[in-house]
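Heads up: the structure comes next, in structure tokens.
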4 protein chains.
Amino acid sequence: MIGMLTGRVAALGADELVLDVSGVGYLVGAGARTLSRLEPDQDIVLHIETHVREDAFKLYGFLDDIDRAWFVHLQNIQGVGAKAAFAILDTVPVSEIANAAALGDKSTFARAKGVGPKLATRIATELKDKAPPTGRSFSIGLPVHSDDGTTGGAPVAPAGGDSLAREDAVSALVNLGYNESQARQAVAKILRDADSEAPLGDVIRLSLKELAA
Amino acid sequence: MIGMLTGRVAALGADELVLDVSGVGYLVGAGARTLSRLEPDQDIVLHIETHVREDAFKLYGFLDDIDRAWFVHLQNIQGVGAKAAFAILDTVPVSEIANAAALGDKSTFARAKGVGPKLATRIATELKDKAPPTGRSFSIGLPVHSDDGTTGGAPVAPAGGDSLAREDAVSALVNLGYNESQARQAVAKILRDADSEAPLGDVIRLSLKELAA
Amino acid sequence: MIGMLTGRVAALGADELVLDVSGVGYLVGAGARTLSRLEPDQDIVLHIETHVREDAFKLYGFLDDIDRAWFVHLQNIQGVGAKAAFAILDTVPVSEIANAAALGDKSTFARAKGVGPKLATRIATELKDKAPPTGRSFSIGLPVHSDDGTTGGAPVAPAGGDSLAREDAVSALVNLGYNESQARQAVAKILRDADSEAPLGDVIRLSLKELAA
Amino acid sequence: MIGMLTGRVAALGADELVLDVSGVGYLVGAGARTLSRLEPDQDIVLHIETHVREDAFKLYGFLDDIDRAWFVHLQNIQGVGAKAAFAILDTVPVSEIANAAALGDKSTFARAKGVGPKLATRIATELKDKAPPTGRSFSIGLPVHSDDGTTGGAPVAPAGGDSLAREDAVSALVNLGYNESQARQAVAKILRDADSEAPLGDVIRLSLKELAA
């Protein structure tokens, strides 16, 4: 029901905050990484995931829409709930999650608190052949969040700038005849090793070299 | 619970948008035809249908109230959910749906993605003898939506201008002694063939000729 | 969750209205008597009863809090749902409902559409020995609604002015030793026959005469 | 979903109030102690606990976040619902609840209306070895509420000033090797007997004397 909230930080708790929007203080669950970037009375935009259950109506908030998208994507895996998804997002930057997913690298997921070896293996296996999530504003590059956590500032690259380059490279390789899974692995390796801001052309060229090896 | 939302397009996704209303970004499901008429930061009025389930609290949005009314009306038919209803509304203009319903013309419904022949037949059969939906503001002709998608502009014909002419013609024929089903079919044929803005008198005269044939 | 809404009439339907409050159009079920007193774009205050069910989140609106209180009170009776409660409130003024309840007069309830003799009898019997509802602002006489349907205007007698006089008279008689049920019947008879704005003293004096007869 | 509400008192009932926030009147359950400190049209901040059930969506409001925290904490005990929790909070100031909890003193809880000896004993036993609740803004000392019930005024000690001193003293004693339960009891005795605003140093010194006795 709610997808975004724009308001003022009214209270900060251990795993939640209260965001005041014109007098209504919404109780929003958040990860440690998000909470650590917030200050009382700060004006922010949060991307919200609404969870409705028979006895709960919960809001989870993220400064970047791609984090929200991964929060949802991770919980499609059996055994991963909100807590484990937050733990992973708090420990592993989103770009690394995409690489680890493409490479089936369970050790990355095992770094997260409360994620044991068995669950880490299942996460890596299930994510491996799936396209990473795109989030809500991916298609039209809406200014989602500027790095200083405020709502102002020049519009930044669309949610998940890294995701855009990744998808363009993968679809280029698929068009050249490679199957999607191989293409994803090659691109993930390149993005992990090379500077993640590498131009698209280089990413494709290096991925082709990787596939030819 | 929510019937209308007036706000600013904050984000556009593949099958949903986020509409910001004084800081609260409502997540609203919408059809491709609606989304294609929207732009980021545009101020719009959406007619909302609220779906409450044990684990979901969903909002569906429409630029015209009559679309929302047909979205609800179509889902009274077994096997038609939100997705199929959107597919029909995205493929067939509302006036054509009313004609196809009156004429029991299943081929119109079969044009919609995901609507097979069996479901199309059931839709045509079940809609045939039912009066088309009227929507919320039908009774008093409130300005519902102007064509350029903004909230301003001169008040336009009430929701479903076409529906008004249709209903007036049908009730005139019923008053002349014809049964409702026959009257609806005749009027539907005239509205389909003739210019749908034809004056009421002509619609009644041509329908009578159709019934006398 | 919601107890009152202050906003602008955005749309009027057959048995509901959309009330716009800062851009959110709340869908509010209402009775014919309430809807007949409203006009498009009118600013009003509605007293709201929220019904939450597994698959519904409904708001019902009333121009006077005492109507809302009776709407809830009537539905405590088995077989009386929102529809029947609205039918009774649309047919019988609240003060008459209180009299009919005290006097166990089923014919008053049978006047309402959809309320058959059996249900009317059960309503009259079950209400007979119960104190009438007081509503939310009864205790401190808050200005609830002025007669012209707008939010402004001088503060009027607290919700259910009639209910106040009734309760004061009944408790006076009970203090004089009469049992509550007898006291309620006597006061109801007086309020029904005499001018319902009769001063408290007269109501008590006439009720004592009634009880002594 | 909702954690705080900032608005105007629109209506006061026996066990609830309506708080108007930009036109939406939220129905908020409250205890007698809270309601007695409110007046019609007063601007206030309420700390809200949201209860979602299959057929209910209830808001409970508190002028101090620590009261809300105890309201939740008490209901973790089997047999204590919202009504009993309010009864305890209406009868026993929060600082005394913390002392009674630490000392396992059931007589304090038995003072509350509707809390019999059996339930009082269970409350005292179950609370005894648990750390008192901290509330949402405990960690960063946000100005939660000033004593005159309005939202303005100089920022006061963070929610539960008393709780802060208690926790600091207990953790100091635990660091000196005492087990937590003993430490809590000693500190509770000191806070109950001595002036509850006693400086932290005195509280620790007197508690050590108590433990050495």
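A compact table of results
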{"read-out": "Cα-based helix-to-principal-axis angle, A:117-128 vs chain A, degrees rounded to 10", "value": "70"}
{"read-out": "Calculated FRET value between A:Asp168 and C:Asp43, using beta carbons and R₀ = 60 Å, to 0.05", "value": "0.70"}
{"read-out": "1.4 Å probe, heavy atoms, protein only - residues of segment A:43-70 losing at least 30 Å² accessible area vs chain alone", "value": "A:Val52, A:Glu54, A:Asp55, A:Phe57"}
{"read-out": "With all protein chains modelled, accessible area of B:Glu210 [1.4 Å, Å²]", "value": "70"}
{"read-out": "Area accessible to solvent at C:Ser207, 1.4 Å probe radius, in Å²", "value": "0"}
{"read-out": "Lysine pairs meeting the criterion (Cα under 19 Å, 8 or more apart or interchain), as found in chain D", "value": "12"}
{"read-out": "Ratio of Rg to Rh over segment B:1-122 (Cα coordinates, Kirkwood Rh, two decimals)", "value": "0.99"}
{"read-out": "Positive-end residue of B:Ala98, B:Leu208, D:Leu74, charge dipole of the protein assembly as shown with Cβ unit charges", "value": "D:Leu74"}
{"read-out": "Under the Karplus curve 6.51 cos²θ - 1.76 cosθ + 1.60, θ = phi - 60°, whole-Hz ³J(HN,Hα) for segment A:173-188, x wherever Gly or Pro sits", "value": "5, 4, 5, 7, x, 7, 7, 4, 5, 4, 4, 4, 5, 4, 5, 4"}
{"read-out": "Range in chain D, longest, excluding exposed trypsin sites (Lys or Arg not before Pro) [loop by DSSP; at most 16 other beta-carbon atoms within 10 Å]", "value": "D:131-213"}
{"read-out": "Spacing of the two label points (7 Å from each Cα toward its C-beta) at D:Lys83 and A:Arg111, in nm", "value": "5.4"}
{"read-out": "Chain C - Rg (one decimal) and Dmax (whole number), Cα, Å", "value": "18.0, 60"}
{"read-out": "At 7 Å out from Cα toward Cβ: D:Ala14 inter-copy label distances (nm, ascending)", "value": "3.9, 3.9, 5.5"}
{"read-out": "The protein assembly as shown: C-alpha gyration tensor shape, a/c 1.5 cut-off, then a/b vs b/c", "value": "oblate"}
{"read-out": "Size of electric dipole in chain B: Cβ of Lys, Arg +1 and of Asp, Glu -1, about Cα centre, debye, nearest 20", "value": "800"}
{"read-out": "Label 7 Å beyond Cα on the Cβ vector: D:Asp129 copy-to-copy distances, nm", "value": "5.1, 5.1, 7.2"}
{"read-out": "Cα radius of gyration and Dmax for segment B:66-128 (Å)", "value": "9.7, 26"}
{"read-out": "For chain A, calculated [θ]222 nm from helices alone, where every DSSP H run of n ≥ 4 adds -39500 (n - 2.57)", "value": "-13000 deg cm²/dmol"}
{"read-out": "Measure of compaction for segment D:4-62 (Cα Rg per 2.2 N^0.38 Å)", "value": "1.04"}
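The values are calculated or read from the model by the stated rules, or taken from the named source; none is laboratory data. All figures in this text were calculated on a predicted structure; none of them were measured in a lab. FYI the Cβ positions are ideal-geometry reconstructions off the backbone, even for glycines, and counts take in every protein chain you see. SASA here: full protein model, heavy atoms, side chains in, ligands and nucleic acids out. Shrake-Rupley method; radii C 1.70, N 1.55, O 1.52, S 1.80 Å.
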